[in-house]
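Q: Below you'll find the structure I mean.
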Amino acid sequence: VRWFGTNTDISDRLRAELEQQAQRELLDTVLDNVPIMIALWRVDGSLEWANREYARTFGWTVAEMQGQD
């Protein structure tokens, strides 16, 4: 009987993923609180993301707008 194994250090990858998540959260916070309307649309024309001002201006939540054409 023989045993084979590998050892892969993923700590750098995990650290990079956590840093990316933190940067994304910071960007979302900033974009969500600026006093201008910002929205991101997919190629198919559906709404990906919108900030609070965009939702406030139209009077719908982002979830409601995502179901609209």
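Q: For the chain, what is the accessible area per residue in Å², given a 1.4 Å probe and the full set of protein chains?
A: Each residue of the chain exposes 90 Å² on average to a 1.4 Å probe.
Q: Among 16, 30, 59, whose Cα lies farthest out toward the positive end of the dipole of the chain, if unit charges sit on the beta carbon of Lys, Arg (+1) and Asp, Glu (-1)?
A: Result: 16, furthest along the dipole toward the positive end.
Q: Contour minus end-to-end for residue 66 and residue 19, with contour as 0.36 nm per residue of separation and end-to-end as the Cα-Cα distance?
A: Extra length available between residue 66 and residue 19 comes to 14.1 nm.
Q: Convex hull over the Cα atoms of the chain, averaged projected area in nm²?
A: 8.4 nm²
Q: Find how much the distance from residue 28 to residue 58 grows on full extension, using 0.36 nm per residue of separation minus their present alpha carbon separation; answer in nm with one decimal.
A: Once the chain is fully extended between residue 28 and residue 58, it gains 8.8 nm.
The values are calculated or read from the model by the stated rules, or taken from the named source; none is laboratory data. Just so you know, these numbers come straight off a predicted model, no measurement behind them. Counting neighbours? That spans all protein chains shown, and the Cβs are built from the backbone with ideal geometry, glycine included. Quick note on the areas: whole protein, heavy atoms, side chains included, nothing else; ligands and nucleic acids left out. Shrake-Rupley method; radii C 1.70, N 1.55, O 1.52, S 1.80 Å.
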